[in-house]
Amino acid sequence: MRMWHGHLRRARASDHGKTVRRNSDANAGGVFMAQGHEEIKVRVSGVLVRNGRILTMLHRRQGRQYHVLPGGGLELQESIPDCLRREFREETTLQVEPGRLLAVIETIPAQITTHWRDNRHVVELVYWIDQASGYAREVAALSVPAWVEIAELLSLHLYPRVNEWLERGL
């Protein structure tokens, strides 16, 4: 692994002599570009469980519905805990305190077949949420908080596909 501005990036033999730079799009959040227009996104997400249910974000895009763990792109000069706090606040209005790292999940484009953004290489850091205050509220119409019974995880369209891993761990 190669470090770049605190973000993980897989080194490949074809990378020799290439530079990696921050995407200039202010809305790109954690997206880095390598020459040749390859995208690498660092996403930070959290697992919050209350009363036997896990908080997910239900997305509705391009005629499809699917769930993701609450979280989003790591910004340049932003710490990982601050990113998670910001994303939870923006998506759900919850105030959270991140706990331990649960998993690092890498999804590369060849492995993505049904996600709406098929062209992205994503490294996702999944954290346990130790504390949360407030109530999860809808902030955006296309992405709404959804509490899902842990027993229903296997049948859920959850990205990345961590359903089985979450069910075993919870």
Inset, instruction - Determine which residues of the stretch 148-170 fall in the zone a paramagnetic label at I108 would reach in this model, i.e. backbone nitrogen under 15 Å from the point 7 Å along Cα→Cβ. - result: none
Legend entry - Within the stretch 45-83: backbone nitrogen closer than 13 Å to the H157 label point (7 Å, Cα to C-beta): 58-68
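Read the figures in this text as sums done on the coordinates, not as results from a lab. Fair warning: this is a prediction, and the values are worked out from it, not measured in the lab. With ideal geometry, Cβ positions are generated from the backbone for all residues, glycine too; neighbour counts draw on all protein chains shown.
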